[in-house]
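Input: a single structure, listed below in structure tokens.
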């Protein structure tokens, strides 16, 4: 860990004023401190935002507004979240460990860095960490890596479970900078790696997530998150699926599907959603729709199983949701 | 008074451990302590051409920067090591993550920050990092057991093992592989070293000061009596703290150089690369049998990685197929492939854990092929002697383990066919395997003292690796002196105590237990002599043959006096006896092993292939059980390791030698959610031929066979045989 300047402002205005180039915001610290110890991230200034008034989990119409500093554990346990968006609560509980969930913030969760072993190892090349240095994962150890949204410069998997659930729900985030506030779709926060994998987010320097807004979706009470991984807790997804279904008289009227462990960003699957609409709810429709999930996938030497696993995970999630 | 020996008791040091009062090595702080941070190589084979340490030397708080260009003095070879690690003595590197530097600073954070500024240039040579690629050029290793690398036993008239296989009615011939593993003890390696007047005090967890002290003395170039090692608590070892790694030699050498105490703690990543590993293996097994299940031939060829820096032979075939089943024709072999990978060494059940995965999977495959129950097949080939041998076992109740296990687990209700049971989309299956582990015992010396305050003390230089050894010392002592456990104190983990030997190979209790028994006799003799000879003793003048000691009392025909009264009256703060015990002729007259059988039930998701273990049972034959509570804990721990080996663990090297997953985030071990309720049953037959206490080893037995048990259950659930560990879901996706 390198030496750095530290400040702990108490207002959002002061925080965004501090958050100029070379600075990073510290919330729960569960990613940042880790990466600073590894010297993967070496900020000159750390701005501790924990004193900011970015709290609260409130109904907003039939949706929910969540302050960016709410802790994962508190959001997962909140009755409103559990009732309106069970997929969000489940995705949170499937992430990290209880200790980490007690610390990690919602805003930080959405900005967590990839678990790619080359990214986390400063002795390795990595185009995300050192642009132009190369991507050893493409011909290296890549079982956990992405098959969707990859490029020749980066195949790292987006790690957040929460983001997958929120992208399925068309979530918005509020961003504050020194001179403005804007609201964007969470899906638009993330950038595909392309040939600039170092640019992970569409955030401007100093911009701070203040709120996460899940818009109302009355039928999202029928939603679930399924995570498939190498052990049953405290491990990132090999595959995951956030699914929500609205059925009437056995016919699927609407569906939301997003998947994790597969993409370089949280991956929504509109073609699978389209394929489900209007079909009789059941395994044949789920399997037929899931066939479209891996379109455009580019597998790597160690993860050729992922397209199959992806389809199976969606089918299983839908079957379990259907009960 | 009834003895606490054999009753389930809490660890005597449990409270200290759970309250944080127990001081592990890294918890030690000394006046003027400086902190060392290790620098490791990022090449696996080659020569360091330059190390730019200018920025590190200028960094705040830095006291010393040591590299092969400016080394600390440590004596020892760089390759083919069996003694202490001697880093910095050569510019050659032999594996990725090898210690190549140490930065010492006023704080840990300063040392780490400075170490991260060091830039290293290498002249890199292509490393050898693949066991499979090396098999064609594998070599027969020097063997540490008394048998050669290739052992052949043939019935008279049979020309070769292949001829025996050719004439067998049924043959199973398969290849099994197991990956590299790391011990991954909860406590990472640490050492605190302090010199005074040419003598070194070292606080470091280890598996025996009888190994540590002479190795460290050689490395430091000082006589062994100048080294005092202190290690009352060890947070898990499993073979991983048997050797004297660089944290110890670097801390000691830096402390000498700087003339102030130095602490070195490895990061978890450094534990992976700078200590040692269980070698990966490739094993070919061929089983020949008659249609009735009688084994007619058993061939087991094993290859394992031997690190160039610290070589080791994982005795996969010699420690399993050599002695587990009756067969008239047997051939086993061990070969090694030298590779540019981190050190290889012993890890919990070295040989048995890997070998049993291959042998017990193959036995399961043979049972299916024969249409025979897997337990029946094992009973059909139950060994009364080892193949070609004639010595009886000192004690063997494996048949009872199978029987009790089958009954308790409900084995009879198991459908014969695979893929026959389901629960929704989960496929359910059960499997079992044999376990066996040699019953080792080594010479040990222990001391027992009676104290003026009415307590007794049992002491020796042995180590408590987290197994409960401290409690074992107190229990055996309490049993022999006839006092309640609370009146007996145990001391260990200090090289200046009686020389109790090392702890490894599950030998601890069987080695020190008899020595404690002998030491109690010696101490009691001293006590009785004092009681009758000292003028101030209440029993003064009683003929020695008329006094005896019993349950805290010294008795003559006329009087009964508490021992502490004798000590107080005679002004003796303590009276003690030291004694040694060692194995004898019985080792040449008997085969000695511990036995067991493990059973498990798994559920495999039909769509996504995840394996979940839903039930486990271990039935163990390990002689007398001294503390059922910690014994059960040992077996459960071993079985959890077996699940881990089956489903989670595997350290992978890239072609460059880089560790692909050498972090605790990427090298998976099970979490609580992966482990169901585990049931453990002991069949308790004290083995008094093995040693007078009758206890045998339990530290390693639980892991043996468990991975095969899981793999066999996966086969029963799915009809798919996985022969490469760990079993991951992609191997089970149709």
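The values are calculated or read from the model by the stated rules, or taken from the named source; none is laboratory data. Quick caveat, the model's predicted, so the values are computed rather than measured. Glycine gets a Cβ as well: all are built from the backbone with ideal geometry, and neighbour counts include every protein chain shown.
Assorted remarks:
- Set B:284, B:340: member being outside the structural domain of residue B:100 (by TED's automatic domain parsing) and under 30 Å from residue B:104 (Cα atoms): B:340
- Scanning the range A:237-283 for residues that are at positive phi and either modelled with pLDDT under 95 or surrounded by fewer than 24 Cβ atoms within 10 Å (Cβ to Cβ) (or both) yields A:249, A:250, A:278, A:282.
- Residue B:686 within 14 Å of chain A (Cβ to nearest Cβ) and surrounded by fewer than 24 Cβ atoms within 10 Å (Cβ to Cβ): no
- Residue list for the range A:125-135, restricted to those being at negative phi and surrounded by fewer than 22 Cβ atoms within 10 Å (Cβ to Cβ): A:125, A:129, A:130, A:131, A:133
Every residue, every condition in (1) in a loop (DSSP other than H, G, I, E, B); (2) buried (at least 24 other Cβ atoms within 10 Å of the Cβ), yes or no:
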| residue | (1), (2) |
| --- | --- |
| B:513 | no, yes |
| B:517 | no, no |
| B:521 | no, no |
| B:525 | no, no |
| B:539 | yes, yes |
| B:549 | no, no |
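- Test for residue A:77: is it over 23 Å from residue A:10 (Cβ atoms) and within 14 Å of chain B (Cβ to nearest Cβ): no
- Residue A:39 vs. criteria under 19 Å from residue A:209 (Cα atoms) and either surrounded by fewer than 17 Cβ atoms within 10 Å (Cβ to Cβ) or out of contact with any strand residue (DSSP E or B) (no Cβ under 8 Å at 6 or more places or on another chain) (or both): no
- The one condition in (1) under 25 Å from the mean Cα position of the chain (by Cα); (2) over 18 Å from residue B:266 (Cβ atoms) that residue B:95 fails to fulfil: (2)
- Residue within the range B:110-122 that is in a loop (DSSP other than H, G, I, E, B), away from every other protein chain (no Cβ under 14 Å) and surrounded by 14 or more Cβ atoms within 10 Å (Cβ to Cβ) present: no
- At least 3 residues being at pLDDT 95 or above and within 14 Å of chain B (Cβ to nearest Cβ) is the threshold, and among the strands (runs of 3 or more DSSP E) wholly inside the range A:181-236 those reaching it are A:223-228.
- The single residue among A:106, A:57, A:147 that is away from chain B (no Cβ under 14 Å), under 20 Å from the mean Cα position of the chain (by Cα), at pLDDT 95 or above and buried (at least 23 other Cβ atoms within 10 Å of the Cβ) turns out to be A:106.
- Filtering the range B:566-599 to residues that are in a loop (DSSP other than H, G, I, E, B) and surrounded by fewer than 24 Cβ atoms within 10 Å (Cβ to Cβ) leaves B:570, B:571, B:572, B:573, B:582, B:583, B:584, B:585, B:590.
- Criterion: more than 10 Å from chain A (Cβ to nearest Cβ), farther than 18 Å from residue B:277 by Cβ and in contact (Cβ under 8 Å) with a residue 24 or more places away in the chain - qualifying residue of B:635, B:675: B:635
- Filtered residues of the range B:165-216 (kept if under 30 Å from residue B:132 (Cα atoms) and under 28 Å from the mean Cα position of the chain (by Cα)): B:175, B:176, B:177, B:178, B:179, B:180, B:181, B:182, B:183, B:184, B:185
- Residue in the range A:19-32 that is surrounded by 14 or more Cβ atoms within 10 Å (Cβ to Cβ) and within 14 Å of chain B (Cβ to nearest Cβ) present: yes
- Residue match in the range A:297-317 (condition: at pLDDT 95 or above, surrounded by fewer than 22 Cβ atoms within 10 Å (Cβ to Cβ), away from chain B (no Cβ under 14 Å) and outside any helix (DSSP H, G or I)): yes
- Which numbered condition residue A:142 misses (of (1) in contact (Cβ under 8 Å) with a residue 24 or more places away in the chain; (2) away from every other protein chain (no Cβ under 14 Å); (3) within 22 Å of residue A:264 (Cβ to Cβ); (4) out of contact with any helix residue (DSSP H, G or I) (no Cβ under 7 Å at 6 or more places or on another chain)): (2)
- Filter result for residue B:139 (surrounded by fewer than 19 Cβ atoms within 10 Å (Cβ to Cβ) and away from every other protein chain (no Cβ under 14 Å)): yes
- Only residues that are at negative phi, in a loop (DSSP other than H, G, I, E, B) and either touching a residue at least 40 places away in the same chain (Cβ under 8 Å) or within 14 Å of chain B (Cβ to nearest Cβ) (or both) were counted in the range A:150-180, giving 15.
- Hits in the range B:302-317 - residues which are assigned to a loop (DSSP other than H, G, I, E, B) and touching a helix residue (DSSP H, G or I) at 6+ places or on another chain (Cβ under 8 Å): B:314, B:315, B:316, B:317
- Taken as a whole, the condition of being crowded, with 24+ Cβ neighbours inside 10 Å and assigned to a strand (DSSP E or B) applies to residue B:602.
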